[in-house]
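Colleague: Before we start, here is the structure in question, set down as structure tokens.
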Ligand code: HEM
Ligand SMILES: [Ca+2]
């Protein structure tokens, strides 16, 4: 028994409770347990990620908790969001919306070297690695007209609404002073002890294309035709077209066709949202487009494999194509994409650049493959800064076609992908349009119009959501991570000048009471970027660490030798030829691309014919 008195702090109580394991109690049934592994030497991954680590078969499985780089920071050491360090004496933490309008701006700052494919592939990776469940949207945390709910109506367990300042430069015209925010669901702790609130991943923690195949057996099953190893596709509407993703339910109950005033055509019930391994495939047309490339590649691989191995049945064709496609995605990520994001130098430092030949031996069975909460809640959201608010479609001559669109008209509106020829034009657009630089600029399409309902003229603010999500998840402040990443811990605001421009430091001084209060997301995206990378030193460190973990803790990582899922030397040599440009060439009707598709066209990266050896193809003969 505990005696609660003034001399016992919340921290002491929390610490005492954390010693108690539920495994020894009648509640042990709710403890997450290691599932039995029927076939630990299978060359194929399970769909839910279990049994990748044989000794800890639950590690990395879908619907398990994120791990943390640093201990959580909750005000009550259990679950309530942190407060300002000196809140009794000084100011409370600023509203995330106030931080957003004070610090970020929407300024067109296109990169001169990096294409929008870098953003799009990043979001695709995000949807492979991460999906944090929250209570369904039916709960409202503000009144219908955007005002705070009275205390008796607010559900404090599920809601953490964001206060919008009365004089907000945008929302005030709509009378909005409250932004909807649902807390992420709490997760059962893997250690099955009492303790502070953790969050969980609905997806498999591995880079295993759960975004294509699903993160559990049932989802995976529903996506298969059960014939010749193929995944389901939409019925063809036009014989000139290649296949599209299968039709799915609409997310957030929104139709996937454009409103008449935007598209000029009647909203049509024939236009369906798409279905894929992750539920967010219809969030924008270009997300759906990138999913489609991988879907088509799976089906292309099954066709080729069936020709080489006429005796293989549906299951064998599905699993072999899946194994190859995952290897391709891992190779593209580590060989092409990650070097653009964290820079080649960091890749070298961490030993993350793929080998040119031979096998790697870097598997570490003691390393927990889980995604870290800091990566989820802050670091990997750097990608929001890359997003273009306006986009155009491009033809093969790299000329703009049609009118420029703004993103707000296109959240969940995938109709455009159905128009014959458009998917190809999106693919060219992603290879032509530059990303926005990560310089604490965010498009208003995300900061004022996120998921805007066309009936209203405002949406949510993704920067504010990201900051609030960090507090919801108990993420400590930026200063704690500086130290973890080898920077000097700041003792005052001016100490931040080694990483953050002084104009932003001055804004932080106006918003926050102490240098220990600054939220990780906003400081991370305010850092000056490291030369040769897209992010500053703190996010570079955190993203690098996560991808190191993803590589070393995955028993099925594509270039390992001596594991159940290892390829032969000849097979691995073929996989190493693959690039995103090759996948896009093979799975569209576009005839030419630049070989390095994450990089802008230049004298050293010119547009070449898809048949050119500058975009090497892999042969499937070693699979015969
Ligand atoms: C048009 C592009 C994008 C849109 C509209 C978008 C939108 C969103 C939204 C609404 C959330 C949930 C925010 C919250 O309530 O916490 C989110 C989360 C997230 N986003 Fe994005 N995003 C985009 C692109 C990207 C990119 C390019 C990346 C990375 C390179 C990225 C990484 C993440 C991550 C890691 C999360 C956390 C996911 C989770 O916890 O389930 N996003 N995004
Ligand atoms: Ca995954």
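Colleague: Report yes if residue 502 is surrounded by fewer than 19 Cβ atoms within 10 Å (Cβ to Cβ), farther than 30 Å from residue 347 by Cα and out of contact with any strand residue (DSSP E or B) (no Cβ under 9 Å at 6 or more places or on another chain), otherwise no.
Modeller: It is false that residue 502 is surrounded by fewer than 19 Cβ atoms within 10 Å (Cβ to Cβ), farther than 30 Å from residue 347 by Cα and out of contact with any strand residue (DSSP E or B) (no Cβ under 9 Å at 6 or more places or on another chain).
Colleague: Can you tell me which of (1) at pLDDT below 95; (2) within 16 Å of ligand 2 (Cβ to nearest atom) is the one residue 235 doesn't meet?
Modeller: Residue 235 satisfies every listed condition except (2).
Colleague: Somewhere in the range 70-87, is a residue within 14 Å of ligand 1 (Cβ to nearest atom) and either outside any loop (DSSP other than H, G, I, E, B) or in contact with a helix residue (DSSP H, G or I) (Cβ under 6 Å, 6 or more places away or on another chain) (or both)?
Modeller: Yes; the residues of the range 70-87 include at least one that is within 14 Å of ligand 1 (Cβ to nearest atom) and either outside any loop (DSSP other than H, G, I, E, B) or in contact with a helix residue (DSSP H, G or I) (Cβ under 6 Å, 6 or more places away or on another chain) (or both).
Colleague: Also: For the range 115-141, how many residues are surrounded by 21 or more Cβ atoms within 10 Å (Cβ to Cβ) and either away from ligand 2 (no atom under 16 Å from the Cβ) or in a loop (DSSP other than H, G, I, E, B) (or both)?
Modeller: 8
Colleague: While we're looking at this one, here's another question. Would you be able to say whether some residue in the range 429-445 is part of a strand (DSSP E or B), buried (at least 22 other Cβ atoms within 10 Å of the Cβ) and in contact with a helix residue (DSSP H, G or I) (Cβ under 6 Å, 6 or more places away or on another chain)?
Modeller: Within the range 429-445 (the criterion being part of a strand (DSSP E or B), buried (at least 22 other Cβ atoms within 10 Å of the Cβ) and in contact with a helix residue (DSSP H, G or I) (Cβ under 6 Å, 6 or more places away or on another chain)), the answer is yes, since at least one residue qualifies.
Colleague: Considering the range 159-188 alone, what residues qualify as being assigned to a loop (DSSP other than H, G, I, E, B), closer than 17 Å to residue 138 by Cα and in contact with a helix residue (DSSP H, G or I) (Cβ under 7 Å, 6 or more places away or on another chain)?
Modeller: The answer is 160, 181, 183.
Residue-by-condition table, conditions (1) part of a loop (DSSP other than H, G, I, E, B); (2) more than 16 Å from ligand 2 (Cβ to nearest atom):
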residue	(1), (2)
152	yes, yes
157	yes, yes
190	yes, yes
203	yes, no
208	yes, no
211	no, no
229	yes, yes
245	yes, yes
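Colleague: On the given criteria, is residue 486 in contact with a strand residue (DSSP E or B) (Cβ under 7 Å, 6 or more places away or on another chain) and assigned to a loop (DSSP other than H, G, I, E, B)?
Modeller: Working: in contact with a strand residue (DSSP E or B) (Cβ under 7 Å, 6 or more places away or on another chain): no; assigned to a loop (DSSP other than H, G, I, E, B): yes.
Judged against the criteria, residue 486 is not a match.
Colleague: Related question: Given the criterion more than 16 Å from ligand 1 (Cβ to nearest atom) and more than 27 Å from residue 288 (Cα to Cα), identify the matching residue among 161, 148.
Modeller: The conditions single out 148.
Colleague: Is it the case that some residue within the range 304-316 is without any contact (Cβ under 8 Å) to a residue 60 or more places away in the chain, surrounded by fewer than 17 Cβ atoms within 10 Å (Cβ to Cβ) and assigned to a helix (DSSP H, G or I)?
Modeller: Yes; the residues of the range 304-316 include at least one that is without any contact (Cβ under 8 Å) to a residue 60 or more places away in the chain, surrounded by fewer than 17 Cβ atoms within 10 Å (Cβ to Cβ) and assigned to a helix (DSSP H, G or I).
Colleague: Next question, about the same structure. (1) touching a strand residue (DSSP E or B) at 6+ places or on another chain (Cβ under 7 Å); (2) closer than 24 Å to residue 447 by Cβ; (3) assigned to a loop (DSSP other than H, G, I, E, B): which one isn't true of residue 108, the others all being true?
Modeller: The one condition residue 108 does not meet is (1).
Colleague: What residue, among those in the range 462-483 that are assigned to a loop (DSSP other than H, G, I, E, B) and more than 10 Å from ligand 1 (Cβ to nearest atom), is farthest from residue 440 (Cα to Cα)?
Modeller: Checking each candidate, the answer is 474.
Colleague: Checking residue 452 against (1) over 20 Å from the mean Cα position of the chain (by Cα); (2) farther than 24 Å from residue 531 by Cβ; (3) surrounded by 23 or more Cβ atoms within 10 Å (Cβ to Cβ), only one condition comes out false. Which one?
Modeller: (3)
Colleague: If you check residue 420 against the conditions, is it farther than 30 Å from residue 572 by Cα and in contact (Cβ under 8 Å) with a residue 60 or more places away in the chain?
Modeller: Taking the combined requirement at face value, the residue satisfies it.
Colleague: Looking at 290, 286, 282, which is the one that is in a helix (DSSP H, G or I), closer than 25 Å to residue 62 by Cα, modelled with pLDDT of 90 or more and within 22 Å of the chain's Cα centre (by Cα)?
Modeller: When all the criteria are applied, what remains is 290.
Colleague: Identify, by number, the condition in (1) at pLDDT 95 or above; (2) part of a loop (DSSP other than H, G, I, E, B) that residue 102 doesn't meet.
Modeller: Status for residue 102: all satisfied but (2).
Colleague: Also, I was wondering about something else. Across the range 213-227, what is the total count of residues that are assigned to a loop (DSSP other than H, G, I, E, B) and more than 16 Å from ligand 2 (Cβ to nearest atom)?
Modeller: In the first step, residues of the range 213-227 are kept if they are assigned to a loop (DSSP other than H, G, I, E, B); the result is 214-216, 225-227.
Subset that is more than 16 Å from ligand 2 (Cβ to nearest atom): 225-227.
Here the count works out to 3.
Colleague: Can you pull out the residues in the range 193-213 that are more than 12 Å from ligand 1 (Cβ to nearest atom) and in contact with a strand residue (DSSP E or B) (Cβ under 6 Å, 6 or more places away or on another chain)?
Modeller: Selection gives 193, 196, 197, 198.
The values are calculated or read from the model by the stated rules, or taken from the named source; none is laboratory data. Computed from a predicted structure; not experimentally measured. Glycine gets a Cβ as well: all are built from the backbone with ideal geometry, and neighbour counts include every protein chain shown.
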